[in-house]
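All remarks here apply to the structure that follows.
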Amino acid sequence: MADTKIVLPDSEIPRSWYNILADAPHPPQPPLHPGTGQPIGPDDLAPLFPMDLILQEVSTDRAIPIPDEVLDVLSVWRPTPLHRAKRLEREIGTASRIYYKYEGGSPAGSHKPNTAVAQAFYNARAGRTRLATETGAGQWGSALAFACQAFGLECKVYMVNISYQQKPYRRVMMETWGAQVVASPSPDTNAGRSIRERDPESLGSLGIAISEAVEDAATREDTSYSLGSVLNHVLLHQTVIGQEAQRQLALAGETGIDVVVGCVGGGSNFGGLALPFVGDKIAGAEIEIIATEPAACPTLTRGPFAYDFGDTAQLTPLVPMHTLGHDFVPPGIHAGGLRYHGVAPIVSQLLLDDLIRAEAYTQNDCFAAALRFARSEGIIPAPESSHAIKGAIDAAKRADESGTSQAILFNLSGHGHFDMAAYESYLHGSLEDFELPEEEIQRALRAIEPLPKPAGAPA
Ligand SMILES: *Cc1c(COP(=O)(O)O)cnc(C)c1O
């Protein structure tokens, strides 16, 4: 059994990020200014982001070097292990080989520090001393709090009120790394104050918290905004995952992977694992690449491709993406990190170009897969990651039904140690499934009707 975990020596940590925009058949269409509707340029983003990150956002260079200072921090937990899930294979009785890349060993317990560290570094180098961000369940906030601590930056986190109430330990984790955490909507911003006036009991949403963090950063010289997913530079920073996996699969003697699976909230862990393989696919490899999402927030499978805002208060640029509408508030499923109305423009464009496909699952099916995984492989997955496990198990079943043996790879984006309440509900049979009624989606989509339409969108 010695070969079930494939580790790379520290010296094999990737030295550059892989930029899919060098190889993709169609680049994503440009973001538009929320006021003028015109394509935005680097200067429009300068109040929010340091120039290094803005240039990465628009770069088409294939390989972008990772600074030594970033590698130094990443090497605390990278390279991450690739596991062959032999016990899971035996449990489901498949003839296929299932591999998973485990990102739960980072200090914050997910893939998110891969980009948090890079973003904190570039901000510190540009002379910013403070970062503002939002967090839903707390994974992104804790990743950024850790990264800010590593580079001596202050960190202000607007945490969605309901999670602030229900997930105190993620908040304490952020505070342990020195961040200031407030419940959103908060009294600290115009966006927060106006919502609290209308609805003093507001549970908050990711869209509201983004509005607060953007306003905070836009109104202070010393502060940048930091986003944990969706943007091109975030997906870029996550490509260390897929590049390591390519080397590890070669070490395992796999000459070609057949299926790659990742769960999608904003698209960053999926992109991080999948984009290097999308590059292989564009070069001719035959790979099925599957993005999996919750049926309760079915952005890729049921949301149209459209220009939309990233936030509720309509402060962010308009980005071309699959979206359920900026005022869509998804049901309170436990995979909090997958409850976002939009998805990365890069992932959206790859779906339009048929280089990837998407599947949506209900949360009881995902928890069933998570339990099979935990009981065979031992690691308790984050509820988000359980969507990737379900996708990989389904792919193995399809291969068995067609009498083939395939090599299947998925991203185990994080551990579920802070999600025991969700597991408890599942184990007690009290977890609800939500299939969104079509009227609910149509209602939410009315919010984007007046916005400009990207090319390739249905009229
Ligand atoms: C945040 C999070 C996700 C979803 O975000 P993406 O940007 O789509 O990756 C998935 N898994 C875990 C463990 C997360 O913390």
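The values are calculated or read from the model by the stated rules, or taken from the named source; none is laboratory data. On a predicted model such as this, the values are computed, not experimentally measured, just so you know. Virtual Cβ from ideal backbone geometry, glycine too; neighbours counted across all protein chains shown. Remember, those area values only see protein heavy atoms, side chains included, never the ligands or the DNA or RNA. Shrake-Rupley method; radii C 1.70, N 1.55, O 1.52, S 1.80 Å.
Overview of results
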| quantity | calculated |
| --- | --- |
| Residues that are open to solvent by 70 Å² or more (accessible area, probe 1.4 Å) and either within 27 Å of GLN314 (Cα to Cα) or part of a strand (DSSP E or B) (or both), drawn from segment 144-165 | GLU154, GLN165 |
| Test: residue in segment 399-413 that is within 15 Å of the ligand (Cβ to nearest atom), assigned to a helix (DSSP H, G or I) and open to solvent by less than 20 Å² (accessible area, probe 1.4 Å) | no |
| Matching entry among PRO65, PRO50 (being out of contact with any helix residue (DSSP H, G or I) (no Cβ under 8 Å at 6 or more places or on another chain) and under 27 Å from PRO27 (Cβ atoms)) | PRO65 |
| Positions within segment 208-227 being assigned to a helix (DSSP H, G or I), under 26 Å from PHE121 (Cα atoms) and either within 21 Å of the chain's Cα centre (by Cα) or not aliphatic (A, V, I, L, M) (or both), in sequence order | ALA209, ILE210, SER211, GLU212, ALA213, VAL214, GLU215, ASP216 |
| Selection from segment 123-143 of residues that are more than 12 Å from the ligand (Cβ to nearest atom), open to solvent by less than 10 Å² (accessible area, probe 1.4 Å) and in a helix (DSSP H, G or I) | ASN123 |
| Which numbered condition LEU71 fails, given (1) open to solvent by 10 Å² or more (accessible area, probe 1.4 Å); (2) on the phi > 0 side of the Ramachandran plot | (2) |
| Search result, residues across segment 258-275 that are under 16 Å from THR239 (Cβ atoms), near the ligand (Cβ under 7 Å from one of its atoms), among the small types (Gly, Ala, Ser) and in contact with a Leu (Cβ under 7 Å, 6 or more places away or on another chain) | GLY267, SER268 |
| Qualifying residue in segment 183-199 (condition: among the basic types (Lys, Arg), open to solvent by 20 Å² or more (accessible area, probe 1.4 Å), in a helix (DSSP H, G or I) and in contact (Cβ under 8 Å) with a residue 12 or more places away in the chain) | no |
| Top-ranked residue of segment 296-315 - restricted to ones that are more than 16 Å from the chain's Cα centre (by Cα), surrounded by fewer than 23 Cβ atoms within 10 Å (Cβ to Cβ) and within 16 Å of the ligand (Cβ to nearest atom), ranked as modelled with the lowest pLDDT | ALA296 |
| Selection count where residues are without any contact (Cβ under 8 Å) to a residue 60 or more places away in the chain, farther than 23 Å from GLY266 by Cβ and among the basic types (Lys, Arg), scope segment 392-445 | 1 |
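For (1) without any contact (Cβ under 8 Å) to a residue 24 or more places away in the chain; (2) in contact with a strand residue (DSSP E or B) (Cβ under 7 Å, 6 or more places away or on another chain); (3) open to solvent by 20 Å² or more (accessible area, probe 1.4 Å), each residue gets a yes or a no:
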position	(1), (2), (3)
ASN232	no, no, yes
ILE241	no, yes, no
GLN248	no, yes, no
GLY266	no, no, no
GLY279	no, yes, no
HIS326	no, yes, no
PRO330	no, no, no
